[in-house]
Each structure stands twice: as structure tokens, then as C-alpha cells.
Amino acid sequence: MIDENIRKISKILIQRPSIVILTGAGVSAESGVPTFRGPDGLWRQFRAEDLATPEAFARNPGLVWEWYDWRRQKIYNVEPNPAHVVIAKWEKYFPFFVLITQNVDGLHQKAGSTKIIELHGNIWKVRCTKEGKVFENRQVPLSQIPPLCPDCGSLLRPHVVWFGEALPSDVFEASLQALYHTKVMMVIGTSALVQPAASFPLIAQQNGAILIEINLEPTPLSSYADFTIYGKAGKILPLIDQLLSEESEEKIE
Ligand code: OAD
């Protein structure tokens, strides 16, 4: 039986076909990608906050790269799950649609998403620490750790945003524009603990959007959300999508 709130959400989406989706690691969990704060979140004894920082990289670039190399190996062969697929489908369905993801795994794009803002960068890109040039790099495992710039021989770093670093201004600005504009804000699979992403849903809500959260468990956003659905994104999104299709067919008849 379909949860009453899922029916309400699909009705809201039909009445307000304008949506920003914010995703976190939970949306990739069913593809087999470990979340950061879940039971598999630790690498050796380190938390993300210990390694995803400029200080950690300055202290020990090899260690930070070993962690990224491990993550890249885990992600390399995984496939998008039904949550990614529904999100990719929706960008063609809704007249206003923007996907903002904190994930660096590239799975949304693999599922077909194109209207996407990658807030924290992409694990398949590297950046020269001297000249700032960005390269795609899909070598798994890396043949050399830490990897060096093919042009100038300087250290390469992952082209991702670390704790203590600002989001690129164009990425931040594009996100704000979407948050100001949208009528529905859907937050999927994020612990909502890392700023500024954690505040994005509230910005949208303060600008009039209905806030919907999908997660396995309560988060700091849950008490603000207009609707919270507890469960797996890969199960819930296809249910909402099914109801949207049924309602659209009814409209045509
Ligand atoms: P977290 O690991 O902090 O949170 C994952 C969330 O997904 C948790 O709230 C889980 O309950 C939920 N979850 C797990 N499986 C799910 C499923 N199948 N369906 C729905 N929800 C599920 O990951 P993020 O919130 O993405 O940043 O972490 C935010 C940032 O912290 C990351 O982008 C990364 C990290 O450190 C940097 O590295 C800068």
C-alpha cells in the first residue's frame, strides 16, 4: 500500500511542477557506494573530516590520495540505482528542474542527468596544485600515488571541495538562483550536517518552497520539513514517479 504522504507529494508536484532536488551520499548507497556517516563510512581509522581538508593534504598528500584511490576503486564499476534513474527522468518532466548534488561519484550523470550542479566537485577530475588546470582522470587504481601533473610535474589534487574551502562562486550562485525560484525542494539521502548545503533546503523553504525530505532516519532538517518520508530513495522515488505517471494519464483522458 502506498503511504498517504507519498500520494500527497505527487499531487503537490503536479500542482507545482517546479523542483530543486538536493542529494547526498544516501542516494548512491543502494548502488553500493559507502556513505560518509554510515557504518561503512570509515576508511582505516579516518573520518572524511580527517582527510578531506587542505591541511591533511599538505601534511600527507599520499595518504589523502590513497583514500581517494580506494573510493575511486569502489565507485568505478557501480551502476546508478532506481533513485538516480527517476531523478534523471524528472529533468525532462518538470518545466523547472535543477539537481544539486553533494556527491562526487558521477552516478547522476551516468543515469542521464544533465541539469546538475556538482556542489563538491567530481572524483574523476584532478587539478594541478601549481597552475590550477583541471584534467579528467579515470585511472583505477592510480599508477602513481600521489599523481603528478602531466604538463608541469607538480602535485595533482582531487578536483573536489574540501572542508574549510569555499564552494566555487559560480556553483554557489547557480544554486542560490535555483533555490530562490523553486516551488518544491526535495532533499534525498543527506545527513544535512555539512554546510552550506545543509542550509539550502531552508533557503528554498523561506522563499516559499514546500520542503520534502527522503531519508532512512531523522536529520536536523526533519523538524522543518513539510513532509518526511522514511525509507530507501530507490524504493520511494519510483513510487512517486508511478503516481505522477498515473495522474498525468488521468489528465490526458
Ligand atoms: P552522509 O554519509 O553524511 O549521510 C548519508 C545520509 O543518507 C544519511 O542521513 C542516511 O540516513 C541516508 N541514507 C543512507 N542510505 C539511504 C537510502 N538508501 N535512501 C535514503 N537515504 C539514505 O552523506 P552526505 O550527507 O552526502 O563532503 O555528506 C555530506 C558531505 O559530507 C559529503 O558531500 C562529503 C562528506 O564529508 C566532502 O567531502 C566535502
* Structure fact -> Under the Karplus relation with 6.51, -1.76 and 1.60 and θ = phi - 60°, whole-Hz ³J(HN,Hα) for segment 237-247, x at Gly and Pro, equal 4, x, 5, 4, 4, 4, 5, 4, 5, 4, 5
* Carbon and sulfur %, accessible surface of the chain computed with the full protein complex present, 1.4 Å -> 52
* Structure fact -> Which of Lys89/Lys133; Lys8/Lys235; Lys74/Lys130; Lys74/Lys235; Lys11/Lys110; Lys11/Lys74 exceed 26 Å between C-alpha atoms? The answer is Lys89/Lys133; Lys74/Lys130; Lys11/Lys110; Lys11/Lys74
* To do: Using the 2.2 N^0.38 Å rule of thumb for compact globular proteins, work out how the chain stacks up: its C-alpha Rg over that value, please.
  => 1.05
* Asked: By average Cβ neighbour count within 10 Å, what is the ranking of 167-176, 12-21 from highest down?
  -> 12-21, 167-176
* Farthest toward positive dipole pole in the chain [+1 Lys/Arg, -1 Asp/Glu at C-beta], among His159, Pro39, Ala111 -> His159
* Structure fact -> Rounded to one decimal in nm, the spacing of the 7 Å Cα→Cβ label points at Leu216 and Ser154 is 4.1
* Prolate/oblate/rounded call for segment 160-233, Cα gyration tensor, a/c under 1.5 rounded -> oblate
* If you take the C-alpha gyration tensor of segment 1-116, multiply each eigenvalue by 5 and take the square root, what semi-axes do you get, largest first, in whole Å? -> 33, 15, 13
* To do: Using a 1.4 angstrom probe, figure out how much accessible area segment 30-77 has per residue, in square angstrom, rounded to the nearest whole.
  => 55
* To do: Only loop residues by DSSP count here, and only those with at most 12 other Cβ atoms within 10 Å; note down the GluC sites (Glu not before Pro) in segment 107-153 that meet that.
  => Glu131
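The values are calculated or read from the model by the stated rules, or taken from the named source; none is laboratory data. Note that the coordinates shown come from a computational prediction; the quantities given were computed from them, not determined experimentally. No Cβ is skipped: glycine too gets one built from the backbone with ideal geometry, and neighbour counts run over all protein chains shown. Quick note on the areas: whole protein, heavy atoms, side chains included, nothing else; ligands and nucleic acids left out. Shrake-Rupley method; radii C 1.70, N 1.55, O 1.52, S 1.80 Å.
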